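**Student:** Got a structure for you, written out below as structure tokens; questions coming shortly.
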């Protein structure tokens with residue numbers, strides 16, 4: 001066997017599904033096997049693999065054994081001449097494995113191979129090629145010298161910035177996200193060191209491969225997307241702790257004496273430095289918006305008071321104590337009330353903000369009524385302050401949200417303008433997924449994946465994508481994983497990575513749309529809203545709707561009979577529904593097509609009515625799955641009224 005692909009998964013089902021589809025396509029014509037090791041996921045990953053990828057060899061662990069041990073489990077049973085360690089949050093080009101295997105065959109000295117990686121926004125990932133993290137290299141990376149001098153041989157050794165990203169090079173360290181290894185080199189160097197739970201194992205193994213007499217190569221002739229952060233949730237304080245703990249272990253294993261002491265000092269310094277930055281950033285993120293609100297509220301009073309004095313009282317009517325004590329007290333009440341009403345939970349809610357302001361105004365008025373008469377200066381001022389807050393605080397929220405900083409994102413504010421690259425059938429499926437999700441969008445138009453433009457809703461074809469993006473400036477570009485090959489997706493993302501646009505991919509036959517807007521944050525996926533038909537309450541509601549509708553049709557039959565194409569068939573169907581032999585809306589696909597579809601009686605109509613004859617079996621099954629996952633009575637009524645004439649079929 002030529003190639004064994006090993007994927008370790010932990011609670012990233014949607015990314016794993018897309019990865020497996022791209023891997024399966026890329027393995028066409030190669031004698032190969034796919035092994036997935038699941039580290040006790042609770043998101044249905046194993047069920048998905050067994051259901052959608054029956055040929056994949058699945059190893060189900062009963063605990064999270066860590067990245068190294070899980071990979072070793074699969075390596076020990078792998079049969080390939082080459083072994084690929086691949087992250088689940090990746091997408092590979094169709095010819096990726098053929099190119100990589102050919103390179104390894106032509107270079108017997110190669111023990112390991114890494115490829116060019118881009119993130120979910122189309123940006124090159126510098127960890128595609130790396131150097132050994134010696135004390136000096138680590139110091140430069142940790143304290144920003146690498147970022148300041150990204151192409152310097154002296155300061156950018158961590159990412160080998162002096163080597164071209166577009167040329168093949170011998171490198172010191174391979175990335176664990178895509179690590180193609182020669183089995184003979186693994187036998188000589190040894191398996192992954194299981195002391196490394198999650199990080200550092202790729203650096204350690206890369207060093208041992210070179211020590212065994214083999215070379216590691218960076219090979220940019222093929223590319224992959226790596227949605228960094230999915231399996232590991234980078235950016236958290238826990239990530240910092242785990243990563244630097246792994247670096248200390250690497251130092252202890254590969255460095256000695258003074259070099260080891262220097263490395264440990266640098267790493268410990270980095271741990272405290274990064275931990276301090278993480279804590280400070282969290283505190284700032286938590287208090288920034290309340291602080292801005294407090295300043296706006298105070299500003300309102302200080303602007304309103306002189307105006308109110310001019311119209312209602314004489315100048316300097318309000319004593320200094322009012323400004324120093326009462327106004328800050330009012331402000332504090334409003335801020336505490338906004339906290340109580342969850343106005344600072346992210347994403348921000350304008351509704352919660354308005355309710356909090358009104359409730360705060362009531363509490364301030366109550367506070368006012370308990371004050372000594374000498375401190376009760378003006379109820380009208382409280383009302384004016386409430387009006388100011390109702391106007392200015394939402395306005396400030398909307399202004400801050402335009403900065404596109406995550407901490408200021410407003411829930412449901414401004415639908416995303418999207419362009420979809422897909423053929424007619426896939427475009428309909430993708431738009432159906434979006435329609436049945438919580439994602440707010442505005443469709444700008446479609447792009448044909450080939451040179452044909454099927455209709456007016458299409459803005460152009462794939463070769464015109466850059467011009468279309470420049471003209472229409474959408475927020476999101478969604479690729480059909482079925483209609484657009486991975487290589488074209490990756491090239492398109494690279495061409496558009498400076499356009500400030502987010503990319504997402506709709507994998508073939510999947511109920512999710514996957515993407516990532518940041519290389520360090522957890523990736524995103526648009527998923528169907530979930531209200532499964534299999535819930536007992538939904539099945540009961542569906543049955544009651546069936547009976548009520550059948551009775552209504554029988555009662556009003558003398559008035560409505562002329563509106564049906566088959567009158568006798570309608571009566572038969574009504575009686576069959578009442579007796580429980582039929583349901584008005586059933587599945588078009590046989591239950592054997594998807595074991596996860598709940599059992600329903602034969603349907604008079606289906607979620608695909610009246611177009612079953614036009615749709616492929618996959619499209620019909622997809623419609624059934626969408627119907628079953630997010631059941632609504634309104635969906636049944638819409639289908640019934642849309643197909644009213646053929647209810648007697």
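Every read-out reported here was derived from the displayed coordinates using simple, explicitly stated rules and does not represent laboratory data. None of these values were measured; they are calculated from a predicted model. Neighbour counts are summed over all protein chains in view; Cβ atoms, including those assigned to glycine, are modelled from backbone coordinates with ideal geometry.
**Student:** Where the Cα atoms of the chain are projected onto their three principal axes, how long is each span, largest first, in whole Å?
**Tutor:** 87, 86, 50
**Student:** How high is the relative contact order of the range 285-408, given as a whole-number percent (alpha carbon pairs under 8 Å, six or more residues apart)?
**Tutor:** Working: 93 pairs, mean separation 37.6, N = 124.
Over the range 285-408, the number comes to 30 percent.
**Student:** Provide the FRET efficiency to the nearest 0.05 for the residue 548-residue 398 pair, computing r from the beta carbons and using R0 = 41 Å. Present the calculation step by step, with values, prior to reporting the outcome.
**Tutor:** Values: r = 45 Å, r/R0 = 1.10.
For residue 548 and residue 398, the calculated efficiency is 0.35.
**Student:** Assuming a ≥ b ≥ c are the square roots of the Cα gyration tensor eigenvalues, decide whether the range 271-370 counts as rounded (a/c under 1.5), prolate (otherwise, with a/b larger than b/c) or oblate.
**Tutor:** Values: a/c = 2.82, a/b = 1.87, b/c = 1.51.
Prolate is the answer for the range 271-370, as a/c is 1.5 or above and a/b outweighs b/c.
**Student:** Any idea how far the Cα center of the range 464-493 sits from the one of the range 89-162, in Å?
**Tutor:** 26
**Student:** Distance in nm between label sites at residue 405 and residue 105, each 7 Å beyond Cα in the beta-carbon direction?
**Tutor:** That separation, rounded to one decimal, is 5.5 nm.
**Student:** Also: Taking the mean number of other Cβ atoms within 10 Å as a proxy for protection, how do you rank 187-194, 112-119 from highest to lowest?
**Tutor:** Values: 187-194: 16.8, 112-119: 24.4.
Ranking, from highest mean packing down: 112-119, 187-194.
**Student:** Using the per-residue mean of other Cβ atoms lying within 10 Å as a proxy for protection, in what order, highest first, do the peptides 140-153, 210-223 fall?
**Tutor:** Values: 140-153: 15.6, 210-223: 19.1.
Packing proxy ranking, top to bottom: 210-223, 140-153.
**Student:** Return the calculated 222 nm mean residue ellipticity for the chain, to the nearest 500 deg cm²/dmol, obtained by summing -39500 (n - 2.57) across DSSP H runs with n ≥ 4 and dividing by the residue count. Present the calculation step by step, with values, prior to reporting the outcome.
**Tutor:** On the way: 21 runs with 293 residues, N = 649.
So the helix-based figure for the chain works out to -14500 deg cm²/dmol.
**Student:** Also, I was wondering about something else. I'd like to compare 296-308, 467-479, 170-182: which one has the highest average count of other Cβ atoms within 10 Å, and what's the full order after that? Kindly include the intermediate steps, with their values, before the conclusion.
**Tutor:** Values: 296-308: 16.3, 467-479: 18.8, 170-182: 23.8.
Highest mean packing first, the order is 170-182, 467-479, 296-308.
**Student:** Using a Förster distance of 41 Å, how high is the FRET efficiency between residue 281 and residue 646, based on the Cβ-Cβ distance and rounded to 0.05? Can you show the working numbers first?
**Tutor:** Values: r = 60 Å, r/R0 = 1.47.
Computed FRET efficiency for residue 281 and residue 646: 0.10.
**Student:** Here is a follow-up. Just check the range 416-527 against the gyration tensor rule for me: Cα atoms, a ≥ b ≥ c as the square roots of the eigenvalues, rounded for a/c under 1.5, and otherwise prolate or oblate depending on whether a/b exceeds b/c. Walk me through the numbers before you get to the answer.
**Tutor:** Values: a/c = 1.39, a/b = 1.11, b/c = 1.24.
Since a/c stays below 1.5, the shape of the range 416-527 is classed as rounded.
**Student:** Ok, one more. When a/c reaches 1.5 or more, the comparison of a/b and b/c decides; with that in mind, is the range 536-646 rounded, prolate or oblate per its Cα gyration tensor? Walk me through the numbers on the way to the answer.
**Tutor:** On the way: a/c = 2.04, a/b = 1.48, b/c = 1.38.
Taking the square roots of the gyration eigenvalues as a ≥ b ≥ c, the range 536-646 is prolate.
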